[in-house]
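Down below is the structure, laid out as structure tokens.
The values are calculated or read from the model by the stated rules, or taken from the named source; none is laboratory data. Note that the coordinates shown come from a computational prediction; the quantities given were computed from them, not determined experimentally. In this analysis, Cβ positions are derived from the backbone assuming ideal geometry, glycine residues included, and neighbour counts consider all displayed protein chains. Side chains included, ligands, DNA and RNA excluded: accessible areas come from the protein's heavy atoms. Shrake-Rupley method; radii C 1.70, N 1.55, O 1.52, S 1.80 Å.
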Amino acid sequence: PFMEKILLESCLEAMATGAVVGIQDMGAAGLTCATSETAGRAGTGIEFDVSKVPQRETGMSAYEVMLSESQERMLLVAKKGREDEIRAVFEKWDLHAEAVGVVTGDGHVKVYKDGKLEADIPASALTDEAPLCEHFQRAAELIGKRWNPQVVRALQTGSARFGDLRHAIPNISDAVLS
């Protein structure tokens, strides 16, 4: 809780400088999710080198770094030329900030390790155009208008987690899987 508070306060201060144009927390899917969602929402691309990402373990592959769950970490997009200003805010809070990449205009997430291209994928393939789970589609059909419209939309778009819904909606497992 203390580190969360420090991170929250430092992010709020960084945003107040006007130097931050985007921010995304890193959760269960780490950089994979944070970079693709950030680029997808902005309609831009991003390229970065995982060897510049602070790591707790040595010898991690690009794949491992991209999927490493990193609690109390944030991805910030700074206005070009103002990276040092953001870095200074985090140093004031005794937190480490590192410039690891740049925003591009090509709509792709490009992952490098030690300067070598490891992955190049359209951000939209991981966000807006990602395949949908048919179980969610089927659940939405079964629930129809008898359920909260927001839940139905979440099921239709695949943004709902089936595990959470199976406890909230009686017999959903049987109905969806049959």
| field | Test: Lys110 is crowded, with 18+ Cβ neighbours inside 10 Å and either more than 30 Å from Phe2 (Cα to Cα) or touching a Pro at 6+ places or on another chain (Cβ under 6 Å) (or both) | value | yes
| query | How about segment 74-100: which of its residues are within 18 Å of the chain's Cα centre (by Cα) and without any contact (Cβ under 8 Å) to a residue 60 or more places away in the chain? | reply | Leu75, Val77, Ala78, Ala97, Glu98, Ala99, Val100
| task | Only residues in segment 54-67 that are of a type in the set (A, V, I, L, M, F, W, C) count as the first member; pair them with residues that are in a loop (DSSP other than H, G, I, E, B), Cβ under 8 angstrom, at least 6 apart or cross-chain, and list the lot. | result | Met60/Ser68; Val65/Val53; Val65/Gln55; Leu67/Ala29
| message | Residues to consider are Gly22, Gly18, Gly45, Gly59; find the one that is of a type outside the set (Lys, Arg) and at pLDDT below 90. | response | Gly59
| task | Kindly check whether there is at least one residue in segment 119-128 that is open to solvent by 80 Å² or more (accessible area, probe 1.4 Å), at pLDDT below 60 and of a type outside the set (S, T, N, Q). | result | no
| request: Only residues that are under 19 Å from Lys52 (Cβ atoms) and of a type in the set (Asp, Glu): list them for segment 87-110, please. | output: Glu91, Glu98
